[in-house]
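Read through the structure below, which is laid out as structure tokens, and then see the notes.
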Amino acid sequence: MDCYTANWNPLGDSAFYRKYELYSMDWDLKEELRDCLVAAAPYGGPIALLRNPWRKEKAASVRPVLEIYSASGMPLASLLWKSGPVVSLGWSAEEELLCVQEDGAVLVYGLHGDFRRHFSMGNEVLQNRVLDARIFHTEFGSGVAILTGAHRFTLSANVGDLKLRRMPEVPGLQSAPSCWTTLCQDRVAHILLAVGPDLYLLDHATCSAVMPPGLAPGVSSFLQMAVSFTYRHLALFTDTGYIWMGTASLKEKLCEFNCNIRAPPKQMVWCSRPRSKERAVVVAWERLLMVVGDAPESIQFVLDEDSYLVPELDGVRIFSRSTHEFLHEVPVASEEIFKIASMAPGALLLEAQKEYEKESQKADEYLREIQELGQLTQAVQQCIEAAGHEHRPDMQKSLLRAASFGKCFLDRFPPDSFVHMCQDLRVLNAVRDYHIGIPLTYSQYKQLTIQVLLDRLVLRRLYPLAIQICEYLRLPEVQGVSRILAHWACYKVQQKDVSDDDVARAINQKLGDTPGVSYSDIAARAYGCGRTELAIKLLEYEPRSGEQVPLLLKMKRSKLALSKAIESGDTDLVFTVLLHLKNELNRGDFFMTLRNQPMALSLYRQFCKHQELETLKDLYNQDDNHQELGSFHIQASYATGERIEGRVAALQTAADAFYKAKNEFAAKATEDQMRLLRLQRRLEDELGGQFLDLSLHDTVTTLILNGHNKRAEQLARDFRIPDKRLWWLKLTALADLEDWEELEKFSKSKKSPIGYLPFVEICMKQHNKYEAKKYASRVGPEQKVKALLLVGDVAQAADVAIEHRNEAELSLVLSHCTGATDGATADKIQRARAQAQKK
């Protein structure tokens, strides 16, 4: 234990800080870090170095080199810088490198040096040039703040959704501020800058002078400022050698420390642990590193070579040409267990487990002591928590063995925390490996989440490791393996040295029918890389036509898209392709394409019937479809308005089309309709009223209702209406008029071709029994019974039925016998039936 705590350094009475090595850096740096622009991403992210930046003492002809390394010094990318002078480098939250140029242009590169995009910080920045820049992170994303040559600030809080804000002018500012930084308060980005002994806070509308409370007197300038990782605290380094620490709102002072060094530091960053009450700042000079906090003394480390500080969520990473180290506050659980002469439950449990391995009876003594105090559960939890904060696998195993040993003596200790810690540590140890180079701590890992870690492995193209982690943690396929395989496939299509067939086959063999993988997305990436044929081959594996067709249309493969849409049976999809083809092809080619696809042609005709009638006519003409063309002209005749000439002309065209189609019935019917239209127009002119668009029967009925019987008869003769139909029409019309006298004359004009039962029925329908009885006597014998029953003469109907000896008629009469009046009639029928049976 004594040896283990040898690198612990106390800061006051309540906290220890330790610095341990993450990696021995093997990168081959040809220049010192001081001669490079340096940017390191948080959460164990990559390091970017821009060698040979634009310095007065450097030869102008030497082009700088941008190099990207992992945190362990493994090279990821190297490219010759061919753009303008760079002022600042920084990493976004998505691990994209932002390079801010002197002209205000920001170039964005990927982790492997691939150019992504660029954007400008505005015309004002372009005109006044960039003096300094900061890349910062907020809850909305990654932002960029610019100080221009006009000593004005411009910022964007989110480079993914660029909205530039020009900050207010600082009164009397004639030169660059001695130091400045960005703050995030109340979801808004601010600029804090120092001008001599004064501090100014800029928001979107105002410039406010602020003063840190409790600042030591005699300050004439602020040389450095640092905001904490969470933007909650602020540190100020003054020209008097004092370091003021307080809240970022500048409303509360935490402490102040006199470091007795007045030279401005190279860097100053916060070093604090989440949920810790201790606050410390790390200050770096050329060969000295100092940790200061709320204590009269500080911790000092000698720097043997140029070093760079990277603030983290729970500490500070420090890298140089030869080493990469991590400085942080010792967590409470580790301090409790490993502190010299500690009697904490976790420390006793760790000793008990070591003695147990030695087969010593002291193991039982330690266990009894813990159990007597009722602290065994606490001891197990301390060991599990401390294991998470250890970087060395041997110490992790030692603590977890102790926790496992203690669990054996607990009846109801939930195993989840132990199992999850084992899983998390296995994942962390895998990504901390030198060849991977992501030195995450347990706190950073929990803040980052497993999904983001997997995304970062995918960015580094470490697909096998990412898949192994997904399988080990048993993540759902859609969130884990499927997503990673899709990223692998998107990377695979960018390998232009492999043939399209080989790439498509390899992707299909690896992905198969993996749920959650969209071949259309992979094909879209292939198309974006200029590999159209590969994209088409990949779309063959896409089972969803709705995903295939839009991409095929985008690739100008419209005919193939039409075939796929037809195969899917989705009419909406077919319509989408047809409308696209219509806009893409000339009219002739479009119609020829439709002729080769009968289903598409049929659907397009349906569309034209509702939207484009002229196009429908052209389709029928092209196909010589005279039958449909005739039907089209008939429909058109009803859409030409009230002018009879236009309607008749359309009907004549329809009749000609029907003759060409050898459909004589339709042609004759159309000609009859033309005659009827002309006649209806003449009737309107001569008689008045509304006749147009009535059917032939309705025209006859209207004439009868208006008293033009001769005209109606003449019309019936002209159009050869059968006598039976004419009699029915006249009978119905006269009954509706209740012209009973004319009806009687009509019935006696000649023998009725429809009989006289309809007269009885029509009269009874009009509730006129008197008139109905007139015609009942004239009804023939076969319908006599029914007529008599309609007028209510049940007794006479019975006599006729008995006379006819018709069983059906007798049953019909019996069904109408109701009440005492018809009782005798019923008896009479029953007697007639009995006599018939005897005979």
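The values are calculated or read from the model by the stated rules, or taken from the named source; none is laboratory data. Everything quoted here is computed from the prediction, not taken from an experiment. Neighbour counts are summed over all protein chains in view; Cβ atoms, including those assigned to glycine, are modelled from backbone coordinates with ideal geometry. These area figures cover heavy atoms from the full protein model, side chains too; ligands, DNA and RNA do not enter into them. Shrake-Rupley method; radii C 1.70, N 1.55, O 1.52, S 1.80 Å.
Key figures
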{"read-out": "Nearest-10 value in Å² for the accessible area of Leu705, using the 1.4 Å probe", "value": "70"}
{"read-out": "Whole-percent carbon and sulfur share, accessible surface of region 749-799, 1.4 Å", "value": "52"}
{"read-out": "Charge dipole (the chain, unit charges on Cβ, about Cα centre) - positive-most of Thr514, Leu79, Ile450", "value": "Thr514"}
{"read-out": "Degrees separating the helix 598-611 axis from the principal Cα axis of the chain, which is the longest one", "value": "80"}
{"read-out": "Given Lys339/Lys362; Lys751/Lys774; Lys668/Lys751; Lys82/Lys266, the pairs whose alpha carbons are separated by over 26 Å", "value": "Lys668/Lys751; Lys82/Lys266"}
{"read-out": "Heavy atoms of Tyr638 accessible to a 1.4 Å probe, total area in Å² rounded to 10", "value": "130"}
{"read-out": "Under 14 Å, Cβ to Cβ, from Lys492 - net charge with Lys/Arg +1 and Asp/Glu -1", "value": "+2"}
{"read-out": "With all protein chains modelled, accessible area of Glu684 [1.4 Å, Å²]", "value": "40"}
{"read-out": "Region 1-40 versus region 728-763: alpha-carbon centroid distance in Å", "value": "117"}
{"read-out": "Student exercise, the chain dipole from Lys, Arg, Asp, Glu Cβ charges, in Debye to nearest 20", "value": "3140"}
{"read-out": "Degrees between helix 781-790 axis and first principal axis of the chain (Cα, 0 to 90, nearest 10)", "value": "60"}
{"read-out": "For region 126-149 and region 494-562, distance of Cα centres in Å", "value": "40"}
{"read-out": "Gly12 long-range amide H proximity, modeled H, under 5 Å", "value": "Glu297"}
{"read-out": "Gyration tensor (alpha-carbon) shape descriptor, region 10-120, a/c threshold 1.5", "value": "prolate"}
{"read-out": "Principal-axis tilt of helix 450-459 within the chain, Cα atoms, nearest 10 degrees", "value": "80"}
{"read-out": "Solvent-accessible surface ranking, highest first, for Lys730, Lys710, Lys556 at 1.4 angstrom", "value": "Lys710, Lys556, Lys730"}
{"read-out": "Reachable lysines, given that their alpha-carbon falls under 17 Å from the alpha-carbon of Lys537 and they are not under 8 places away in the same chain", "value": "Lys492, Lys496, Lys510, Lys554, Lys556, Lys559, Lys564"}
{"read-out": "Electrostatic dipole magnitude of region 175-301 [Cβ: Lys, Arg +1; Asp, Glu -1; Cα centre; debye, to 20]", "value": "340"}
{"read-out": "Cross-link table Lys730/Lys750; Lys354/Lys407; Lys277/Lys407; Lys354/Lys446, entries beyond 22 Å C-alpha to C-alpha", "value": "Lys277/Lys407; Lys354/Lys446"}
{"read-out": "Listed residues Cys184, Cys3 arranged by accessible area, highest first, probe 1.4 Å", "value": "Cys3, Cys184"}
{"read-out": "Cα-based reach from Lys358 at 18 Å (exclusive), listing aspartates and glutamates while leaving out same-chain residues under 8 positions away", "value": "Asp394"}
{"read-out": "Overall form of the chain per C-alpha gyration tensor (a/c, 1.5; a/b vs b/c)", "value": "prolate"}
{"read-out": "Trp728, Trp8, ranked by accessible area, largest first (probe 1.4 Å)", "value": "Trp728, Trp8"}
{"read-out": "Helical contribution to [θ] at 222 nm, DSSP H n ≥ 4, -39,500 (n - 2.57), averaged over the chain, rounded to 500", "value": "-14000 deg cm²/dmol"}
{"read-out": "Part-to-part distance (alpha-carbon centres) for region 194-252 and region 315-376, which is given in Å", "value": "40"}
{"read-out": "Spin-label model distance (nm) - Lys668 vs Asp497, 7 Å beyond Cα toward Cβ", "value": "8.3"}
{"read-out": "Nearest-0.05 FRET efficiency for His435 and Ala150, computed from C-beta distance (R0 41 Å)", "value": "0.30"}
{"read-out": "Förster-model FRET efficiency, 22 Å R0, Asp304 and Cys255, C-beta, rounded to 0.05", "value": "0.15"}
{"read-out": "Sorted peptide list for 742-751, 302-311, criterion being average Cβ within 10 angstrom, highest first", "value": "302-311, 742-751"}
{"read-out": "Cα gyration tensor shape of region 71-133, rounded if a/c is under 1.5, else prolate or oblate by comparing a/b with b/c", "value": "prolate"}
